[in-house]
Structure formats: C-alpha cells, structure tokens
Amino acid sequence: MASVSSSAYHALALFSGGLDSVLAARLVLAQGRRVTGLHFVSPFFGKPQLLPQWQDTYGLDLVPVDVGEAYVRLLLEGPTHGFGKNLNPCVDCKILMLSTARRLLEEYGAQCIVSGEVLGQRPMSQRRDALDIISREADVRDLLVRPLCAKKLAPTAVEEAGILDRSQLRDFWGRGRGGQLALARELGITSIPTPAGGCLLAEKESVRRYWPVLRRVPMPTPGDFHIANAGRQFWNGVHWLAIGRNREANERLEALAGPQDLVFTLRDMPGPLGLGRQWPGLRWTGETVRAAAAAVLSFSSKVKQLRKEAAVLVQGGEHRETVIAMPQTPESLGWMDPSFEVFLEEKRALCKTAGQVLDDFG
Ligand code: SF4
C-alpha cells in the first residue's frame, strides 16, 4: 500500500475506476475537500496497473488496497447476504470494502468515506434496504456519504457536521446514465470510462474456473484464484492442471507455482507450460503425472504435427523426472474443463440447503 502523505485527507473514496466512482470522488474534490481514492484489488477485480493513468486523468490521489485474503475468506465462509446471479456476493462485498475503508480512516487522517453507489441502480446491492444494511453492518452510518444520490437519502452525520455540503450533492436514481454524463461535463471530465464491469465473480467464464477451486482445494488462497484466471483449466477429481495458452500465460503460471507444485515443460521443442497443483496431503501418482504430461503435449502444434512421442520435464520440490509420452487430449484422459452448468447446479443445491433465495437479484 502506498505511504500516506503528510497532509491529511478529508475523505476516503471507494474508487473502482468506473464513472460513478470518479464522479463521487470529484464531487468531494470540487467542494475543496482533499480526497484519496481507495482502489481495492483481489484476484477478482482491481486494475492497479492503471492507477498512474487514472491519477493523471482525473486529478485524484489513488492507492491500491489488497483485499485478496479477506475476499477469499468471504467466499469460503459464504456471504451472509447471498450471491447474485453468479458468484458475486455484492452486499457482503460492499460491507467488506466499507469496513476496510473505515479502518483506514485514521491512517489517512480522513473524517468520512464516500462511495459512488446510486440508489436503484443495481437490483442487489443498491436497493434502499440494501444500502441501509451495508452502512449498518460496515459500521459506517455516521461516516459514509453517497454523493451521487445523497439527496434521495436522509442527511448523514457527515453532511450535518458540515464536512460535506449537502447542497452540492446530487439526487441521481436508477439505471439511467444521463445525469452522470451531464455531471462529468460539468466537472470537466472528458475521459468517460466504460460502464462498470470487470468483476470476474459476475462472469460465467471465470466463475466456472473458480468453482472447483472453492469446492476441491482444502485451503484456497488468492494465488489459487490467480492460477484459475490463467490459461486452460482441467480437473481430474482433486487433481488440478492449468496449461498456458500463450507465452504470457506460461510465464504467469510459472511465477505462480508453489514449491510443491509440478511444472511441466517440453524438453526439446516449443509448447505450453503446465502447472499441477499439489497441496499438503495430495501427492500425484506416477500415473497421474504421465497423463498430465500427455495432456500438456496435446497443446503443442509441433508435437501434434510430428505425431510421435515427445519428452516432458516435470519438476517441483524434490520431484525431477522426464516423461516420454504421446500427446493425448485431456478429455480422453479424464481431465475435464470445468463447466458453468455444473457450477449453477451445485450452487443451487447448496443455497437451497442453506435456505437462501436465489437469483432474485443480480
Ligand atoms: S460486482 Fe463484484 S466488485 Fe462489484 S459489488 Fe459485486 S462482488 Fe463486489
């Protein structure tokens, strides 16, 4: 996390990089208040590499805040307020972000928190009752202002104390973007970010990758979800094999390999890198290693073209071995690409058992 400058801030703003978060922070800045934006980062959201660019474009101080560990714990324990359509626990997510911001207030010398939520914009987390629950459970009722819809809500302690001027806040409501675009013009913001998105927990493609990690890895860490974000994913029971699609994914997987993991590389020709996860209590048998090596070979166009056996180096921890194998598709060896339908089915069954209502919001 970046160090705090000597001058204290008036406000900490939740800053995703979406238009609403930009406008909320800039409305505070326009009142002559000093504001710093907290950009939350986890395997599921956050683009810390864009912070310097955003700082220049929007004239805001921004810092990354890593919530990866806390977020994985939230997913494992199950969100109190349930999931949205996929694996997005939006209400609990907001509570986590706001309570993290509350803990950072003192460090930044700030007196209040602002967020870009707009009443009625999202069915799950931005209904009036959800906004109340979020404020109460994050313990920020007397600290939080939602500048874009403040005038649709009761005055907050922050406004009553004169820390922010309520008359300059807005009364946006619902899903329309017209008010926000007009406000951006008014504030001289010409670079309009595309509408929010970018939370991988709300995307089918990512969720199908995450589900087996949550269900089958004994104590998953943020690193496990970073692996799930990279390359092709295959599962054979509790055995997990990730295979790079390109050089970038190969390098990413190699960097993410733990000391006990198995790294598969082709010895004599170009091809992808495979990462086999091993955790305490799970050591791959020779048969599983050979099958994984054959699966890795099946993604080398050179090997497929030659149609003959090739050598795969398998390394990790004490393990050093060369496997000679013919390429075989992962599916033919029992390694399956996780499916979104399986996720949905299992999630429905679990939520039904837990008595949660499903899919009435998204
Ligand atoms: S979409 Fe993702 S980042 Fe946004 S509130 Fe929901 S869970 Fe959190």
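Of everything in the range 74-112 that is within 23 Å of Arg177 (Cα to Cα) and hydrophobic (A, V, I, L, M, F, W, C), the residue that is farthest from the ligand (Cβ to nearest atom) is Val91.
Somewhere in the range 35-48, is a residue open to solvent by 30 Å² or more (accessible area, probe 1.4 Å), within 11 Å of the ligand (Cβ to nearest atom) and either of a type in the set (Gly, Ala, Ser) or assigned by TED's automatic domain parsing to the domain that holds Leu119 (or both)?
Residues of the range 35-48 that are open to solvent by 30 Å² or more (accessible area, probe 1.4 Å), as a first pass: 46-48.
This time we only want the ones that are within 11 Å of the ligand (Cβ to nearest atom), so: 46.
Retained after the next criterion (residues that are either of a type in the set (Gly, Ala, Ser) or assigned by TED's automatic domain parsing to the domain that holds Leu119 (or both)): 46.
Within the range 35-48, one or more residues are open to solvent by 30 Å² or more (accessible area, probe 1.4 Å), within 11 Å of the ligand (Cβ to nearest atom) and either of a type in the set (Gly, Ala, Ser) or assigned by TED's automatic domain parsing to the domain that holds Leu119 (or both).
Output yes when any residue across the range 260-277 is of a type in the set (A, V, I, L, M, F, W, C), outside any loop (DSSP other than H, G, I, E, B) and open to solvent by 60 Å² or more (accessible area, probe 1.4 Å), and no when none is. For the range 260-277, residues of a type in the set (A, V, I, L, M, F, W, C), outside any loop (DSSP other than H, G, I, E, B) and open to solvent by 60 Å² or more (accessible area, probe 1.4 Å): absent. Quick check on the range 200-213. Is at least one of its residues within 22 Å of Leu51 (Cβ to Cβ) and either touching a residue at least 12 places away in the same chain (Cβ under 8 Å) or under 24 Å from the mean Cα position of the chain (by Cα) (or both)? Yes, there is a match, as at least one residue in the range 200-213 is within 22 Å of Leu51 (Cβ to Cβ) and either touching a residue at least 12 places away in the same chain (Cβ under 8 Å) or under 24 Å from the mean Cα position of the chain (by Cα) (or both). Only one entry of Pro147, Pro123, Pro193 meets the criterion of being open to solvent by less than 30 Å² (accessible area, probe 1.4 Å), at pLDDT below 95 and part of a loop (DSSP other than H, G, I, E, B), and that entry is Pro193.
Looking at the range 322-334 only, could you name the residues that are under 31 Å from the mean Cα position of the chain (by Cα) and closer than 16 Å to Ser300 by Cβ? Even if it seems obvious, please write down each step before you answer.
Initially, the range 322-334 is screened for residues under 31 Å from the mean Cα position of the chain (by Cα), giving 329-331, 334.
Thr329, Pro330, listed by residue number.
Residue check: is Thr36 among the polar types (S, T, N, Q), in contact with an Asp or Glu (Cβ under 7 Å, 6 or more places away or on another chain) and over 27 Å from Leu183 (Cβ atoms)?
Numbers: among the polar types (S, T, N, Q): yes; in contact with an Asp or Glu (Cβ under 7 Å, 6 or more places away or on another chain): yes; over 27 Å from Leu183 (Cβ atoms): no.
Spelling it out, it is not the case that Thr36 is among the polar types (S, T, N, Q), in contact with an Asp or Glu (Cβ under 7 Å, 6 or more places away or on another chain) and over 27 Å from Leu183 (Cβ atoms).
Against the test of being closer than 25 Å to Leu181 by Cβ and open to solvent by 20 Å² or more (accessible area, probe 1.4 Å), the options Asp56, Asp139, Asp66 yield a single qualifying residue, Asp56. Of Trp279, Trp284, all but one fail to be within 19 Å of Asn236 (Cα to Cα) and in contact (Cβ under 8 Å) with a residue 60 or more places away in the chain; the exception is Trp279.
Take the residues in the range 126-136 that are outside any loop (DSSP other than H, G, I, E, B) and of a type outside the set (A, V, I, L, M), then tell me which one is surrounded by the fewest Cβ atoms within 10 Å (Cβ to Cβ). So that I can check it myself, show each step before the final result.
Just the residues of the range 126-136 that are outside any loop (DSSP other than H, G, I, E, B), to begin with: 128-136.
Okay, now just the ones that are also of a type outside the set (A, V, I, L, M), so 128-129, 132, 135-136.
On the way: Arg128: 12, Asp129: 7, Asp132: 13, Ser135: 22, Arg136: 11.
Here the answer is Asp129.
Just to check your reading of the model, which residue among Ala154, Ala182 is out of contact with any helix residue (DSSP H, G or I) (no Cβ under 8 Å at 6 or more places or on another chain), of a type in the set (A, V, I, L, M, F, W, C), away from the ligand (no atom under 16 Å from the Cβ) and in a loop (DSSP other than H, G, I, E, B)? None of the other options fit; the residue is Ala154. Evaluation of Arg175 against the conditions (1) away from the ligand (no atom under 16 Å from the Cβ); (2) assigned to a loop (DSSP other than H, G, I, E, B); (3) surrounded by fewer than 18 Cβ atoms within 10 Å (Cβ to Cβ) shows that the sole unmet condition is (1).
The C-beta contact set for the range 71-95 (first residue under 15 Å from Glu346 (Cα atoms) and touching a residue at least 12 places away in the same chain (Cβ under 8 Å), second residue assigned to a helix (DSSP H, G or I) and near the ligand (Cβ under 9 Å from one of its atoms), distance under 6 angstrom, 6+ apart or interchain) comprises Gly84/Cys90; Asn86/Ala202; Leu87/Leu201.
The values are calculated or read from the model by the stated rules, or taken from the named source; none is laboratory data. Being a predicted model, the structure only gives us computed values, none of them experimental. Cβ: placed from backbone, ideal geometry, glycine included. Neighbour counts: every protein chain shown. The area values use the complete protein model at the heavy-atom level, side chains included, leaving out ligands, DNA and RNA. Shrake-Rupley method; radii C 1.70, N 1.55, O 1.52, S 1.80 Å.
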